[in-house]
Every structure is written in C-alpha cells, then in structure tokens.
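The values are calculated or read from the model by the stated rules, or taken from the named source; none is laboratory data. Quantities reported herein were computed from a predicted structural model and do not represent experimental measurements. Glycine also receives a Cβ, built like all others from the backbone with ideal geometry; neighbour counts cover every protein chain displayed. Keep in mind that these areas ignore ligands, DNA and RNA; they rest on the heavy atoms of the full protein, side chains included. Shrake-Rupley method; radii C 1.70, N 1.55, O 1.52, S 1.80 Å.
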Amino acid sequence: MDAGTASTDTCDGGSPSFLLNYINSCAMGTKPCLIDVRDASKFIESRLRGSYNIPLEFLVPRMFILPDRATPLGLVVGGPPATQMVKGAAAAGGAKEDIQVAAFLKSRGWNVAFCVEATPELWRTAAEVGELETDGDAVLLQRRWPFQPSGLLTQQMERIEELLVTSRRAAEAGQAGGAASGAGSGGDGEVGEGVTSPVDGVPCVTLRALDVGCGSGRDLAWLSTRNPRIDVPSSQEAEKTEEVQVAWECVGLDSWHGALQRAAEVLSLGQVPAGRGGVTLHLVQIEGGLLKPLPLAPAKGSQREFLLRYLAGQHGSTVEGKEGDGEHGTAAAAAAAGAENGA
C-alpha cells in the first residue's frame, strides 16, 4: 500500500472524551495531525494541544503545508461537520463544486481519522484532561508548522549548530587577538559580523544557510524560525560552557517560480522577514556550476506581485512588476545582494 492510501483506525463521531482518549491512545506514527480549520482568531482563543491552524477558506491554496499523506489527519471545524464545505473545489471533468472538507481531503489522498466540531463541551473535556490550550503568542502559533522538515535537519541540526557556533567563536577570538595586537595600525577592533546584540543577556550568533532547490520552503521556514539556545565551550573559561542564542539567515534558490511563490507564502505566514536577517529567495538556473538569474514566468497577478514583493524584501508594499527585463533585474539584484552579503 503506498503512502497516499495508507490507512489507520478512524474515530468518526463519539463523545469529546471518547475522541480525546482515542487521540492519546494512538501509537507513535499513527497519531492524527490535528488541523484546525476555524478562523485564526478563534484558534488563538482556544485549541486542542498541539493542533495547527489552516483556515477553511485557505485550505486549498495551502494544502502544500499539510503533512505527508502517510500521516492521518484529525479535523477541528467551526460548525457541524456536514456543513463545513470547501467552496469551488475541482471535481472530475474540470467542474467546480462544494465538497465537505473531510471528503475533499480524502479525495486528495489524505486519511481523515475524524472531523469534530469545536463546541464548549469539547473545550471543557479537553481542559479536564490537560489537552486545552488558550491564548498565546499569535506569531509563534503561526509558526507552528503542520509539516516536518528534512529528517536530516531534525536529526542533526543541534550538532551542526554546536559545531558552527564553536568554530565561529574560535575564529572571532583569533580575530580579536589580532585586532588587539594590531591596535594603532588602523584596525578598528570590530569582530564577527555574525555576533549580534545579546538577547536577554545571552550572546546571539547568526548562522547562514543556503538551500539549493528550496522548493516550497519547508526547510527554510523551519530553520529560520528555530532560534534555539545551545551550550557551547566558554570563550572566557576553559572546561566550562555558556549559553548562546542561535539565529539563522537563509537563502533559498529554485528554478521554478511556482515553488518560490509557495515558499514566499509560508514564510510570510510565519512573519519571517525577507532579506538580510531573514530569508532571501532567488529565481535561478544552474548552468556549468554558475548561477544564472531567471525572469518570472507568467502567473496570476496576485501570485506574481506577492513573489516580487518577497524578492524585493517588501512584504507590506506594492512592487511594480514589469515583463522581461524588469523582473530579470529584480532577480539579478536579489542574487547580487545575496552574494554581497556572503550568502
């Protein structure tokens, strides 16, 4: 059986207590990913622990951020499940029709374990068993991605960060010593552009990553919003460690503008800044080991403008998109900026 048709036990109907017991009794790998399709404001107000928000009206264009089809889904909806419809979904023969949300996702290859209405009874029961979350930081909740990044990242990133920060700090210590011994010879004593202002008194080190063939930007979104604190060898006292805040500045390259449009959207959803200090996207082609900026192919106006804004690092403003050379210039300028910044 392929991943697209993988099955698991389902729990349609039943009381809230039965439903929550079902969720908690699922073995690792079969536990449903909880997708809350209510309005974002309702989700922030109250939600099941560990759930993710994709408002129903945006479900179709944002299906790319759902987990893989081997992962069963549990849906939380804002009304009786039978009335929760995906509007104008594509049907056989190219027709458009309204389809109940669970049926729609099943038709697209996902296994929907249950679809439950968000009722006061559900919240009361969830609170009683410790499965209710309320309020919270809106940005952090938006950055709660339902997808998983590359397995290599999740398995090795802590070690990679430790190695990179340790080597960075060792290099900076050497530069600091050189600057001190060279004082009076015109040196300004500045060290390490990757070290930024402390966060809550903890030193912050910015690391850089280049994702060649970034696709829909899942790895970029995960990495750029990590911001972990790690323990590394102390730069002041031997055989001791100190805490360091890690930040990531990323560059994503892809040759398909549709992939970059998706990447720009998921990064914007998480309020990840475009450009320096965040993520920069470049539309490029690799020829003979060289990066060649590409013009944007024709696309819907809103998608085209959205990507142009992200390439220019201007989420909140309008960028005039021109045919041919204008767009080539935008991508070329972005690529040049990335090279200049050492990306």
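Some values worked out for this structure:
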quantity	calculated
DSSP-defined beta bridges in segment 19-135 - what % are antiparallel, rounded to 5	40 percent
Most to least accessible of PHE18, PHE58 (protein chains only, probe 1.4 Å)	PHE18, PHE58
Segment 32-82: radius of gyration and largest Cα-Cα distance (Dmax), Å	10.6, 30
Cα lying deepest toward the dipole's positive end in segment 59-172, options LEU152, ALA126, VAL139, charges on Cβ	LEU152
Under-5 Å amide H pairs with LEU73, H placed in peptide plane, nonlocal only	CYS33, ASN111, VAL112, ALA113
Ranking by accessible area, most exposed first, for LEU153, LEU66 with a 1.4 Å probe	LEU153, LEU66
Inter-label distance, nm, simple model (7 Å from Cα along the C-beta direction), MET63/GLU162	4.2 nm
Accessible area in the full protein assembly, largest first, 1.4 Å probe, for ARG69, ARG38	ARG69, ARG38
Exposure of LEU19 as accessible area (Å², to 10), given a probe of 1.4 Å and all protein chains	10 Å²
